[in-house]
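Report on the following structure.
The values are calculated or read from the model by the stated rules, or taken from the named source; none is laboratory data. Since the structure is predicted, the reported quantities are computational estimates derived from the model, not experimental observations. Positions of Cβ are generated from backbone atoms using ideal geometry, with glycine treated the same way; all protein chains shown enter the neighbour counts. In case anyone asks, the SASA skips ligands and DNA or RNA and just uses the protein heavy atoms, side chains included. Shrake-Rupley method; radii C 1.70, N 1.55, O 1.52, S 1.80 Å.
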Amino acid sequence: MRTRKPLTVGAVAKNATALVLALIFVFPVYWMFSSSLKPQSEILSKDPVFFFTPTFENYSTATGVDLFWTYVTNSLIVTVGAVLLALLVALAASFAIARMRFKGRKGIVLIVMMAQMAPWEVMVIAMYMIARDNEMLNSIPLLTAIYFVMVLPFTIWTLRGFIAAVPVELEEAAQIDGCTRGQAFRKVIFPLLAPGLMSTSLFGFITAWNEFAMVLVLNKDKTNQTLTLWLTQFQTAFGDDWGATMAASTLFALPVLIVFLFLQRKAVGGMTAGAVKG
């Protein structure tokens, strides 16, 4: 029977520090959710209110905004579309970078890294001018394409690491058994990329779902806007409606939370492995 080791001062200090950090990160989420269930008078109270009678009036106000379901539909279209396109293109690109040797390969890797590090906000004006000159303002397809380009560098870089980590001997053995290179990729390599696909899908979903600047500048027509602009609409003649804002923020965060819970087992391993292998 194994004996339990006594806790040392160092271990207690580490656990206490971890607990404090966890509370610091969790408290804003708790406050957002609890505020979404409070009446406006208690939200604006001088003293913090921790015990209250919940009300769902704020959620009714948030979802009662004109075109709410249009915003939801647009957000899902641009987010899911950008992620799927990025995965499709990145699979081919990362396989070529990881497995093939060709002139300019290192340059392509460098460009991918630079694109990942560049802040996309600096491109807003250029994107607007291009869209305006080509009569593509207020376009959901254009927004999807922009989000796809934003997500693509990270997706290529991460999947490249996963493909490089798969022993090339497995692919060669499949080819010896009669598979073409494409069949070897589909039957041998692709099933082993699940952690990478999950982690890049999660990152891409969060990036596209939360993006604000591009849709604010490019899509002035409300029928082509996304939920990030819906969050800015809760203002009245008497000031900000913080209850509706907190309710909207809670609803806005739910899809990301659901996606994370669905992908977490694979995604956590992918985030710590794919970017450092190869």
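Applying both filters, DSSP loop and at most 14 other Cβ atoms within 10 Å, to the trypsin sites (Lys or Arg not before Pro) of region 1-98 gives ARG2, ARG4, LYS46.
Along the axis of the charge dipole computed for the chain (Cβ charges of +1 for Lys and Arg, -1 for Asp and Glu, origin at the Cα centre), the listed residues GLY196, GLN235, VAL80 are led at the positive end by GLY196. Scanning the chain for long hydrophobic helices, with DSSP H runs required to stretch 15 angstrom or more by C-alpha along their axis and to average at least -1.0 on the Kyte-Doolittle scale, returns 9-36, 68-99, 105-117, 140-165, 194-210, 242-273. For the chain, a simple Cβ point-charge model (Lys and Arg +1, Asp and Glu -1, everything else neutral) yields a dipole of about 1480 debye relative to the Cα centre. Shown for the chain: lysine pairs separated by 8 or more places, or found on different chains, whose C-alpha atoms are under 30 Å apart, numbering 13.
What would the Debye formula give as log10 I(q)/I(0) at q = 0.13, 0.17, 0.22, 0.28 Å⁻¹ for the alpha-carbon point model of region 144-201, no solvent? For the requested q values the scattering log ratios are -0.40, -0.61, -0.84, -1.06.
Here is the list for region 54-140: GluC sites (Glu not before Pro) lying in DSSP coil, each with at most 10 other C-beta atoms within 10 angstrom of its C-beta, are GLU135.
In terms of the Cα gyration tensor, with a ≥ b ≥ c the square roots of its eigenvalues, is region 1-106 rounded because a/c is under 1.5, prolate because a/b exceeds b/c, or oblate?
Numbers: a/c = 3.57, a/b = 1.17, b/c = 3.05.
It is oblate, given that a/c is not under 1.5 and a/b is not larger than b/c.
Near the amide H of VAL166, within less than 5 Å, lie no amide hydrogens of residues on another chain or at least 5 residues away, with H placed in the peptide plane.
Can you show me the helix-derived [θ] at 222 nm for the chain, built from DSSP H runs with n ≥ 4 at -39,500 (n - 2.57) apiece and divided by the number of residues, rounded to the nearest 500.
Values: 13 runs with 192 residues, N = 278.
So the calculated ellipticity at 222 nm is -22500 deg cm²/dmol.
Based on protein heavy atoms only, the chain ends up with 60 Å² per residue of surface accessible to a 1.4 Å probe. Distance distribution P(r), region 113-181, all Cα-Cα pairs, bin width 10 angstrom from 0: 16, 30, 22, 16, 14, 2 percent.
Rounded to a whole number, what % of the accessible area of the chain do carbon and sulfur atoms account for, probe 1.4 Å? Please report the intermediate quantities before stating the final value.
On the way: 11660 of 16740 Å².
C and S fraction of accessible area: 70 percent.
Sites listed here are trypsin sites (Lys or Arg not before Pro) in region 95-155 whose DSSP assignment is loop and whose Cβ has at most 13 other Cβ atoms within 10 Å: ARG101, LYS103. Distance from the C-alpha centroid of region 66-118 to that of region 122-142: 19 Å, rounded to the whole angstrom.
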